[in-house]
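The values are calculated or read from the model by the stated rules, or taken from the named source; none is laboratory data. All figures in this text were calculated on a predicted structure; none of them were measured in a lab. Because the Cβ atoms are built from the backbone with ideal geometry, glycine has one as well, and the counts that use them run over all protein chains shown.
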Amino acid sequence: MIHSTQPTLGPDRGAPVLTGADRLASLLREIETELERADPGLAPQAEALRDLRERLLAGRFHLAVVGQFKRGKSTLLNALLGEEVLPSAVVPLTAVPTFVRFGDGRRVEVRYLDGRPPDAWEAAGAAETRRLLERFVAEASNPENRLGVASVEVTHPAEILASGVVLIDTPGIGSTYRHNTEVALNFLAQCDAALFLVSADPPITQVELEFLREVRRRVSRLFYLLNKVDYLAPDEVEAALHFLRRTLSVAGVEDETPLLPLSARRGLEARRVGDSALWETSGLAEVESHLVRFLACDKADALSRAVAGRARELAEEGLLRLRLLARSLELPEAALAERLDLLAERLDQARRQKEIARDLVLGDRRRLLAVLEEQAEALRREGADFLARRALPPAGGQLDARAAAAALAEAIPGFFERRLGEMSRAFEARVRQVLEPHRKRAEELIEGVFRAAADLFDVPYRASGGEVRLEVEHAPYWVTETWVSTFQPIPPGLVDRLVPRRVRAARRRRRFAEELEALVRRNVENLRWATLQNVQLTFARCAARLDERLELAVSLTEGALRGTAERRCEQAAEVRGERAAVAAAIARVEDLAGRLPASAGS
C-alpha cells in the first residue's frame, strides 16, 4: 500500500548533507597538488581534478513542483522558503518556469527568448521579490508571455536551499492555457525529482491522471503530496488518502511510493509566526525532511560516486606517466630508444584508426540528418492536417476568418510544444543508439595506446574504463520556444468583388489554407533547426573529444619518454636524483588514489 514515511536522518537534522563530499573534495585537492608537483606534464590531469572538485562542491539538485492549476504549488514553495516570495493568483500564471536557488540575498534575474542580455534586480524583501516576479510570470502583466521571457531565476537565503536544492515552480496544467501543460512536461526530463501535488478538494481528476502518466515517463523520482487536508475532518482525511491511494494504484503507481498529506496554507502561516508546532502538524516538516534533505543527500551520494570514479581514472593516468618516467630512467639508453620507436609505430596506427573512426561518425551523421529531414516533412503534413481541421470549416461551409485565426493562435503553441518534446526525445534516443558503437570504438582506441605503452615498458596499468563520453547535446527544455501563431488573412481584392459569392468564398478559403501552410512551415523549421543544431553540436564535440583524448594519451606516454631520453644524454647525475623523486611521487599518488571512496558514504 502507498504510505507516508519519515526517514531517520540522525539526531542533528541541521547537519550539512555534503560532509562526505567535503572530505572527497579535500582528497581531490591532495591528488591534484601531488600530480602538479611530480611532473608539469600532468597539468591536464591536475586541471581536470580541479574541475571535478568545483563541480562536486557546486552540485545542484533540481526539484520541480507539478500539478493542476490552483492546487497550491506556489503556496507550498512559499512555505518551504519561509515567506511569500512566489506570486499566486486566482487566474493562471504564464508558461514561464521559475527557479529558486540559494543566495545570500534576494535577487530576481529574467532571461529572454530572443537571446538579449538578462535583466536582474536586487530585492529588499519578500514583497518586493514577489512584485518583481508578478511583472513577468503573471498573466495580467505579461499576457501570453508577450515580454518573451524564457525563464526567471530567484536567489533566496532559505535554509532549505543551502544544501544545493533548486526549487522549480512550473506552469499549472489543466487551465485555459493548454500550452502550459506541454511546457511543464518538456523540461521535467532535466529535473532530478518532482513533487506531484493534488488536493483533497476537489479529488484527483482525470486530467491530472493523464498528466501524471506523462510525468512518470519524464522524471526518474516522483513523490505525491495531498494538499489542503486542513479543510477536512480527521475521518475525511483518511477517506481522501484511501481514495488517492486506490486511484494511484489503478494508475500503476508502486505501492511503496510515499504519499504525504499536508496543508501548505498552515505551513506558510507557521513560518510567518514562527510556530514550530504548527509547522509539524501542517505536514511540511515531513515533506521538508523526506523529500528535500533526503533526496538531496541521494543526489550528493550519486555525484560523489561519479566524481570519485573519474578521479581514480585521472590518478591512474598520472601513475602511468610517472611509472613510464621511472622505467625510462632505469632502462639502458639503447633499449629505451628501441622501445620508443616501437611505441611511435603504435601511435601512428592509432592516428590512422582515429581517421577511420571519424569517417564512420560523419557517415552516421549524414544518415541521421536525412532522417531528420524526413521527419520534418512528415510533421509538416501532420501539422497542416491537424490545424486545418481546427480552423477550416467542412467543405462547403462558410469561412469565418476571425474565428479561424483565433483557433490557430490557440492550437499552434500546444501542438508544436508537444511535438518538440516528442521529437527531441525520440531523436535523442536514436542519436545515443548511433553513438554507442563509436563510443566503444573510441574507448578501445585510447585504452589501446595506454596498454601498448604499459606493455612495451613493462609497467603496471589498470584500465580506466574510458573517458570519451559521447553525450547528446541539447538546449534545456525549460528554455521555452516561441511558436509563430500570428495569422493575418489576405483581404479580398478587386477581383474577389467581381466574381460570384461561391467563387469568392473558395478563393478566400484557398488563400487561408496557403497562409496556414506557411505558418506550419515556419514552426516546423524552428523545430527542425533546433534539432539539427543539437545533432551537429553533438557530433562535432564527439570528434573534438576523440582528438583531444588521443593527443593527451600521446603526451602521457611518448611525450614523457622522449623528454627523458634527451635529458639522459646530458644530465646523468640529475637523472639519478630524478629517479628517486619519481618513485616517491608514485608511492604518494598510489596511497591517495587508494583512499578514494567507492561510494559517497564510505
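Pairs meeting the criteria (first residue in the stretch 122-150 and closer than 10 Å to Pro87 by Cβ and without any contact (Cβ under 8 Å) to a residue 60 or more places away in the chain, second residue small (Gly, Ala, Ser) and in a strand (DSSP E or B), beta carbons under 9 Å, at least 6 apart or on different chains) are Thr129/Ala123; Arg130/Ala123; Arg131/Ala123; Leu132/Ala123.
Sub-6 Å Cβ pairs linking a first residue in the stretch 235-253 that is in contact (Cβ under 8 Å) with a residue 40 or more places away in the chain and in the same structural domain as Asp201 (by TED's automatic domain parsing) to a second residue that is part of a helix (DSSP H, G or I) and surrounded by 14 or more Cβ atoms within 10 Å (Cβ to Cβ), at least 6 apart or interchain, are Ala251/Leu209, ordered by first then second residue. Kindly evaluate Ala406 against the criterion of being in the same structural domain as Glu443 (by TED's automatic domain parsing), within 30 Å of Arg510 (Cβ to Cβ), assigned to a helix (DSSP H, G or I) and not acidic (Asp, Glu). Yes.
State yes or no: is Arg352 among the basic types (Lys, Arg), modelled with pLDDT under 90 and part of a helix (DSSP H, G or I)? For Arg352, the condition - among the basic types (Lys, Arg), modelled with pLDDT under 90 and part of a helix (DSSP H, G or I) - is not met. Looking for something at pLDDT below 90, part of a helix (DSSP H, G or I) and surrounded by fewer than 23 Cβ atoms within 10 Å (Cβ to Cβ) - is there at least one such residue anywhere in the stretch 261-270? Checking the stretch 261-270: not a single residue is at pLDDT below 90, part of a helix (DSSP H, G or I) and surrounded by fewer than 23 Cβ atoms within 10 Å (Cβ to Cβ). Consider Arg53 carefully, then state whether it is surrounded by 19 or more Cβ atoms within 10 Å (Cβ to Cβ), out of contact with any strand residue (DSSP E or B) (no Cβ under 6 Å at 6 or more places or on another chain) and modelled with pLDDT of 80 or more. Yes, satisfied. Could you run through the stretch 60-101 and say how many residues are modelled with pLDDT under 85 and not in a strand (DSSP E or B)? Residues meeting the conditions: 12. Of everything in the stretch 415-430, what is of a type outside the set (Gly, Ala, Ser) and at pLDDT below 85? Give them in sequence order. Result: Phe415, Phe416, Glu417, Arg418, Arg419, Leu420, Glu422, Met423, Arg425, Phe427, Glu428.
Hey, any hits in the stretch 294-306 for a residue that's under 26 Å from Ala543 (Cβ atoms), not assigned by TED's automatic domain parsing to the domain that holds Lys73 and not in a loop (DSSP other than H, G, I, E, B)? Scanning the stretch 294-306, I find at least one residue that is under 26 Å from Ala543 (Cβ atoms), not assigned by TED's automatic domain parsing to the domain that holds Lys73 and not in a loop (DSSP other than H, G, I, E, B), so the answer is yes. Remark: pairs (first residue in the stretch 334-348, of a type in the set (Lys, Arg); second residue surrounded by fewer than 17 Cβ atoms within 10 Å (Cβ to Cβ); Cβ separation under 8 Å; 6+ apart in sequence or on different chains) = Arg346/Gly448.
A count restricted to the stretch 117-161 and to residues that are modelled with pLDDT of 85 or more and in a loop (DSSP other than H, G, I, E, B) stands at 7. Would it be correct to say that Asp39 is over 27 Å from the mean Cα position of the chain (by Cα) and charged (D, E, K, R)? Yes: the conditions hold for Asp39.
For Gly465, the criteria (1) among the small types (Gly, Ala, Ser); (2) modelled with pLDDT under 75; (3) closer than 30 Å to Ala384 by Cα hold in every case but one, which is (3). Between Leu314, Leu336, Leu319, Leu324, the distinction of being surrounded by 15 or more Cβ atoms within 10 Å (Cβ to Cβ) and not assigned by TED's automatic domain parsing to the domain that holds Ala587 belongs to Leu336 only. Scanning the stretch 510-524 for residues that are surrounded by fewer than 19 Cβ atoms within 10 Å (Cβ to Cβ) and in contact (Cβ under 8 Å) with a residue 40 or more places away in the chain returns Ala513, Glu517, Arg521.
Within the bounds of the stretch 93-115, is there any residue that is surrounded by fewer than 21 Cβ atoms within 10 Å (Cβ to Cβ) and under 17 Å from Arg271 (Cα atoms)? Looking through the stretch 93-115, none of the residues is surrounded by fewer than 21 Cβ atoms within 10 Å (Cβ to Cβ) and under 17 Å from Arg271 (Cα atoms).
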